Structure formats: C-alpha cells, structure tokens
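Heads up: the structure comes next, in structure tokens.
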Amino acid sequence: MVKDQEFLKSKASYCLDLAKKMGATDASVTVGHSISETVNFRNKSLEASDRSDGLALSIETYLGKRRSSISSSNLLDENIKTLIDKCFETTKITPEDEFNSLPDKNLLAKQISSLNLYDETRFENDKKIKYLKDLEESASSDNQIINTESSFTENKSNFILANSDGFCGGYKTSSFSASCVTVAKDENSMERDYEFSSKRHLSDIKQATDLGYKAAKQTIRKLSPKKIGSEKISIIFDKRISKGMLSAFASAISASAIARGTSFLKDKIDQQVFANSINVIDKPDIIKGMGSQNFDSEGVNSNTLQLIQNGILKNYLVDTYNGKKLNLKSNGRSGGTTNLYFEKGNISYEDLMKKNSRSLFITETIGHGSNLVTGDYSVGATGFLVEDGEFKYPVNEITIAGNFKDMFKNIILANDLEFEYAVNSPTMMIEGMTVAGK
Amino acid sequence: MSNFFNKSDLTRQDADKIVSETLNNCDDGELYLEESKSESILLDDNKIKSSNYSSDLGFGFRAISNEVVAYSYSNEISKDSLKNSSENLKSTLKSIKGIYNHEIQKSNKKFYEDINPIEQKTLDSKLEVLNKVNDFLRKKDGSVKQVTASFAGEQKSIEIIRSGGEVLTDVRPLIRFNVSVMLEKNGRKETGVYGIGGRQSYDDYLKNDNWKNVCEEAFRIASVNLESKPAPAGEMKVVLGPGWPAILIHEAIGHGLEGDFNRKKTSAFHDLMGEKVASEGVTIVDDGTIDNRRGSLTIDDEGTPTERTVLIENGILKNFMQDRHNARLMNTRSTGSGRRENYRHIVLPRMRNTMMLSGNQTQDEMIKSVDKGIFAVSFGGGQVDITSGKFVFNCTEAYEINNGKIGSPIKGATLIGDGPSILKEVSMVGNDMMLDPGIGTCGKAGQGVPVGVAQPSILIDKMTVGGTKL
C-alpha cells in the first residue's frame, strides 16, 4: 500500500521543524512515496516482472536570500538530520540571490478539489498477464510480425508538499499504462512501431486486442520503405509528432528560458507567433487528466491559461524565482505545463490529407534537433508519401528541417483533437518545409 | 566503502541466507546494494542558481529463470523489506530450474581510485571557479549575453551478493565540469557548449587553470555559429573530425551490437555475425578498461570485470556486447557490459568506451578529396532505431567543403544514415584517433549511464545532411 498522508505529513513537519531549529529562515519540503508494478511480455510469454517501492524526500533551506537544496531516498530520522545539517551548512556559504524566496502566500492553493486522479483498483499481476496475452495474441496474428514486446505498469503515488509559510498539501494519484512494440519483416526490410495507452483509471485503458492490432497494423504498413529526393513539400504530422511540437513551444515560453534570454520567443508577448487560427491552452483541472494538478511544485494555485489566442502569445509559464526576475507573478507553472493542447482546427483529417495533391505524412521523428535559442529544427523522420489523400508508400532515412518561427505561422490543424495524454494535438500540416533525402 | 549492514536490522548473514534461499533454484540473480552521494552546483545568469546535494541508498533484488526476469527494489534496507522482495520474486518465478553455468573470471585490476570527489574540493573553491568562469567570459567579449557553468560530482558504492555468499564491491567516482555560453550579435543568438570530466577528482581536470580552455572552446563554437549559413540538404560526402563525433559509431553501430536486441532478433545486425559490415581498415572496440575514463568500470553492475571487446575487426563483425542474462541465453559469455543507472533499474547490456581505432590517412587528405560536402567537428547528440538501423546525430559545429577546401560554417543540422551500411561508406580512416572530453551519457530504456567514445578523422562517401538549403 502506498503510504498515507499522515505518514508523509509527519516526515514533512519533522524536516521543517528541524530546519527551523537549525536557524533556517524558510524551508520547503516534498515527501513522496510511489509503488509501481510492471509485467513485461515478449512473443506471447512472460519476460519480466518488476516491482518498485520508493520514498523520496527533497528539502530547500533558506537563510534570507541564500538557498540550497538536498534530496534523498533515505527517510530514517538520523539520515534526515545529517542531510538537513549539510543542506543548511551549504546554504550559509551560498551567495545571496535577491530573487530567492518561497512563493507569495496569497498565490498558494487554498483548497484541493477532487480531480479524480486516483483509482485504488488493484490490477493483480495475473490480470496483467491475461491482458498482455490477449494483446500479443492480437498483435502477432499477421505472420509478417516477427517479434512482439508489451508491458503493463500500474503505479500508485502519494505526496506532501509543505513549507514554513504554513502550506501543506498533497494527494494520491494513480496511473495504468499498457504498451506494445511490434517488429515486422519482409524480404526488403525490418521495421518497428508501437501503440500505447496511459490513464489515471484502469477502466479507461484501451482494450488489449485493439492496442495489439493497432501496433501491428502501424508496423506492417512501414515495410519496404523508399528514400525520396530532397525537396520542399508540405508535411502532415501525425498526432504523436504534432504534440511534440507543442512541447517544444512550451519549453520556449518557460519563464526560465525567457529570463535567461535563451528562447526564440523572448519579448514576443502580444505578438503574432502562430497562424491566426491557432489557440493553445493549458488546463490544469481536467477530471482524470494525465497532467492535472491542484497546485504546482511550489504549492501555487494553477488556473487555466490561454497561452496563444488567435496566434498571439499571451502568457509565459511562470514560477516564483523567474517570475521575480521578469517582474511577473507566478501563474502556477513551476514544473511546466499541466494539460496542454491546441484547440481543434476546422478542417477534417480527410480534407487535410487531400489539401495538396502530394504531401509527406510523418509518423516518427528521431534525434534532438530542436534548437530553442534560434528556433532551428532538423530531425530524422519516417512516414508515408501521400498522393490525393492516400498513403502511396512508406518513406524513411530522410530529414525534415525548418525554423519554428516560420513553421508556427504556417500551421493548419485538423479537427480530430482527442484528450489522451498530458499534451494533445490534432493532426497538423505545415507547408513549405525542406526534406533532405537522396 | 559503504557498510550496508551497520544501520539496519539486516545483518550480512541474514542477507546471504535470504539471497541463497531465493535464488537456490534459479538460473541467475543477485542482490545489488548501492549507496550514492552526488552534488550539482550551477552558476547561471550571473548567479549561483542552485547547489544541490543528494544521497541515495537502496537495493535491487533479481531472480532469473530461463528467459524470465523478476526484479524488485526498495530504498529501505531492512530484513522485512528484503523478505518482501524475496516473496515478490518467488511469486513470479513459479516453476524453476537450473543454475548459472558460466564461470566469470576474477581480476584485481582497478581503473580508478576509491575517492569521493565531492569531499576533495571545498564548496567555496568550487564557487570560486564558477564565478571566475562567468567573469572571464563576460569580460572576454561584449557579445557574451549568457554564461552557464556547472560542477557535477558523484561517488557510487556498490556491493553484489550472489547465491552461496560470493561478494563483489566497487567504489566509483565521477565528475563533470561544463560551460555553456550564449552570444548575441546583429540580432542573432548562438550558443556554444563544452565540458570535461571522468573518474578522478575535480582538480585533476582543472590543473593549470584548465577551466579557461573549456571557456575558450565553448566561446569558439558559439562564435563560429554566429557566422553560420543555412546547411545544405541532401546526400553528400561527410568528413568527421576526431574524438566526440564518434557518437556516430555509438548510434550507428554500438546500440545494434548490444546482446539483448540480437537475442531478440530485433537488431538490424542480428544475422550479420562474421560478415563484412564495414570497409577494410575499420576496427571498432568497446573498452571498459581505460584508466579514469567516464565509460570505464572496474567491474560491471553484475560484478563481471570489464574488458576490451572487439566488435568489428578490419570490417568483419566479431562480437556483441553481453550481460550475464543475454550471454547465457545466447550460449556465450558476458563481456562485462551489464550496466544499470542505479538500483531502481534492471541490468541491460550497454556500451562503455566505444572506439574506432586509427588508420593511416590524414584529415588533410580527406578534405582535399571532397568536391562538395561537409566537415563536421562537433555534435550535440544522436539517436537510433535499432530495428530499421536508421540513425541520426546533430551537428553543433560544421563547415561546407568546396573543391577540397573548408568553406563557411553551416547551421546545426541533423545527419541521417543507415547503421548496417554506413561503415561500408567509410573510404578513409585517419591516423589521429582521439578520445572525447568525458561528457557522454547514453540513454536506453529510460536509463542513463556515463559512456565514452573515440575515433580518428574519417571520410564517409555518402550521407544525408538535413539542412534547409536545396
């Protein structure tokens, strides 16, 4: 069983008391406990089972404007004492930083509403095994599939965040995740693809057979790929790639990147950065949402933020420290976005596919090719050549490149948004990017 | 050396007994105990932004029967906790048979000292270096708009207890010093990053004001990029400089030669053993035994002494990298490549220091031989799809080559290639093999481990460059 709030609270207050006793002017502590159980299958038989049970503690101590932090997994009182002692000694010799402080008391979350983020259902390993058997049976029904690997993970967590200004809050969360990776082979090639489902509640997880079937289908269609020539072409991004683009945008508007001046979106508030049909929203209070939260990692209340309105940048993601540097109030985004999404567009997926007589549909990118300082983007890609709305043949060993500043202004979104993950996007088209191939 | 038994109700005898009882009828398994102490100190935006110390203690208990691995970890070292784990393992492995039948050789050779780098330099003197870095760079040039510098240090102590009471231990120091600088000129911003590190004390790397060299290099890379033009798009010849560009070898070849992917036949290399996979003259080794290197290990995380494993010899595929589990199932021996990020993770076969050895040509000859292509000197990172064999890596410093001469610098671009065939495109191997500066971290299945790479300059006849200029 995951440790209860009382246990975590008692550890947190022990830490705060100790820090105060040593002379810390302020302190903040997070105590968490997490239990996770995973079963792995390969080629229809059990491959591994893994259980983890972990406590984690992190403490920040302040002496005026001096601050330092420690973290540990060892919660024995004796160890905590040694660590806080070390932390406070370090604080004393760390230089002052005028922006260091606990969050503004008025911004702290006052109440915790239930977002239904915890499902206490225990999915016994035998049931996980049954699920994975069904999944792999379905995934391997086509004889071009030569390898299947799948897993089911159940996680239960609880945490407390407390600070010396009297904030003390925390709650339980759960997640259930199933995934399947399949490998297909024909005379020309071997290809891999995947499908997964991750939810707060067990009953919302995708059907095992659907998951397996989809993974296999997505893999088989990649067989015998061709390399295309280098050209400018309009690119359609599968949802799983377009949501990554949204994450890159979120990193570029973090108050830390803005304050340091290392973002291509610095000083762009109230300016057009996306096509004017685009709206981006970050909503923390979605019931059962994978990214939902009552407060951020500093205890600051988080409300829904409109980040992009009709293509115009309206907000950064602000935490206390960087907010002070920028003269902005924290908007409860220490730790990043919550449930981030593009509002859906007004063209159907089918119409988007047919918009150009020839386009490239990207299902996977590899490499770390996003430069958030310059906005330059260049990644390896895999996908399909689309002609007249139909997949013609699979394509690989190509790169796609552009600059976010131009790419964002040329985005067209389909109307197929679904709330599956913490970051969600409809299918996306960007015209005029460069493909490098033969 | 950590004593894992002096602060708990668990005695070594109890642990031995539980381990032997649990693993009695298994094919393999062990109790892995780990204590790590780490620090990170960061200067950013003219200030000491954070100073963090972390200590972590825990165990991972593994039991293997045939192909099935059961694993349980906890950060509470106690009799109850270990018994709980033991019950978990027993409940997974219901039908059991066999024993581990591959002898592991012993070695007393150590590749680094039992030091705690964190304790060997005072916090004050670390802060002093970081502040000097900041002042030095900001005074150096008016275009310097941002400076980030950091120290990261760690001491990890591990103990492995096998069924029958065999005990293996290791103490591993690791440090890294990193500088990143952002320049702004005529409205353009570019960054340059450089770092150094390995398994010695901070001061071993900072002798003779060596921090200045790190600053100069980061500044130089950023300056070059300020002048960069859009990179070309398409297939062309590529000359790679020596040292860190060997992440090409790591991504293109290394991952595909890890035992697990080949046992599962999901690697593009699984049926190529003994075949020609590279041009003649190309030899690649994975070596865990180089003194004080970031990727070196005295013993791996299963207790096997590391070694220098020849992967490709003169173009021919010779060996995969193995941990005990995959080696047993493939009826071969472990190459001392079993690694894990920490006690929370299972062991996987991983790289250590992956190196292409020197040939006898010069970088100059390579560049002169290219009519149109690029010369790539520094890289950010890479990734591979081991099944299709396609891999990428991102240039952070590169130049055009026109008619045998190095031309203008080009913007960061991704290079893409095909692992099993790229080494056949290597037409010249330089005589200038160099190790990287000690900054690599390899990610696999969510686990990061420190690694090294090395190579001489090489000429690749055909690779796709992912720029924007057609």
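All of the numbers you see were taken from the coordinates with simple rules; none came from a lab. Nothing here was measured: the structure is a model prediction, and the numbers come from that model. Cβ sites come from the backbone with ideal geometry, for glycine too, and all protein chains shown count toward neighbours.
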Mean residue ellipticity at 222 nm from the helices of chain A, using -39,500 (n - 2.57) per DSSP H segment of n ≥ 4 over the full residue count, to the nearest 500 deg cm²/dmol?
-7000 deg cm²/dmol
Kirkwood hydrodynamic radius, computed over distinct alpha-carbon pairs, for the protein assembly as shown: how many Å, to one decimal?
28.8
Could you tell me the center-to-center distance, by alpha carbons, between the range A:374-438 and the range A:29-83 in angstrom?
38
In the structure shown, do any of A:Lys206/A:Lys226; B:Lys140/B:Lys212; A:Lys222/B:Lys276 have a Cα-Cα gap over 22 Å, and if so which?
A:Lys206/A:Lys226; A:Lys222/B:Lys276
Helix A:5-22 vs. chain A, principal-axis angle (Cα, 0 to 90°, nearest 10):
50
Taking K and R as +1 and D and E as -1, what net charge do the other residues with C-beta under 14 Å from the C-beta of B:Thr362 add up to?
-2
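Answer rounded, prolate or oblate for chain A, using the Cα gyration tensor with square roots of eigenvalues a ≥ b ≥ c: rounded when a/c is under 1.5, else prolate when a/b is larger than b/c, else oblate.
Values: a/c = 2.28, a/b = 1.39, b/c = 1.64.
Oblate, since a/c reaches 1.5 and b/c is not below a/b.
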How big is the gap, in Å, between the Cα center of the range B:376-395 and the Cα center of the range A:262-324?
32
On a full-extension model of 0.36 nm per residue, what is the gain between A:Gln271 and A:Asn310, subtracting their alpha-carbon distance, rounded to one decimal in nm?
13.0 nm
Karplus-derived 3J(HN,Hα), 6.51/-1.76/1.60, for each residue of the range B:127-138, Hz, glycine and proline x:
4, 4, 4, 4, 5, 4, 4, 4, 5, 4, 6, 5
Taking θ as phi - 60°, what are the ³J(HN,Hα) couplings along the range B:277-286 by the Karplus curve (6.51, -1.76, 1.60), each to the nearest whole Hz, with x for Gly and Pro?
10, 8, 4, 4, x, 9, 10, 10, 10, 10
Here the FRET efficiency for B:Glu119 versus B:Glu216, based on Cβ atoms and R0 = 41 Å and rounded to 0.05, is 0.90
Value of [θ]222 nm, deg cm²/dmol, for chain B, DSSP H segments ≥ 4, -39500 (n - 2.57) each, nearest 500:
-5500 deg cm²/dmol
With each label point set 7 Å from Cα along the Cα-Cβ vector, what nm distance links B:Lys17 and A:Gln144?
5.9
Distance in nm between pseudo-label sites at A:Leu326 and B:Asp364 (7 Å out along the Cβ direction from Cα):
5.2
Where a ≥ b ≥ c are the square roots of the eigenvalues of the C-alpha gyration tensor, would you call the range A:48-130 rounded, which needs a/c under 1.5, or, failing that, prolate if a/b is larger than b/c, or oblate?
oblate
The range A:5-220: C-alpha gyration tensor shape, a/c 1.5 cut-off, then a/b vs b/c:
prolate
So for chain B, taking the charge dipole from beta-carbon charges (+1 Lys/Arg, -1 Asp/Glu), which of B:Gly187, B:Phe5, B:Ala218 sits furthest toward the positive end?
B:Gly187
Helix B:12-23: angle to the longest alpha-carbon principal axis of chain B, degrees 0 to 90, nearest 10?
90
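Run through the DSSP bridge list for the range A:225-438 and note the antiparallel percent, rounded to the nearest 5.
Working: 42 of 51 bridges.
DSSP beta bridges in the range A:225-438 are roughly 80 percent antiparallel.
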Just want the answer: with Cβ charges of +1 for Lys and Arg and -1 for Asp and Glu, which residue in B:Ile284, B:Gly303, B:Asn326 is farthest toward the dipole's positive end in the range B:276-344?
B:Asn326
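Taking 0.36 nm per residue of sequence separation and subtracting the Cα-Cα distance, how much length would be gained by fully extending the chain between A:Tyr349 and A:Glu96, in nm to one decimal?
Numbers: separation 253, 0.36 × 253 = 91.08 nm, distance 5.44 nm.
Result for the pair: 85.6 nm of gain on full extension.
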Distance in nm between label sites at B:Asp432 and A:Lys65, each 7 Å beyond Cα in the beta-carbon direction?
4.8
Compute the long axis of helix B:210-226 from its Cα atoms, compare it with the longest principal axis of the Cα atoms of chain B, and write down the angle in degrees, 0 to 90, nearest 10.
50
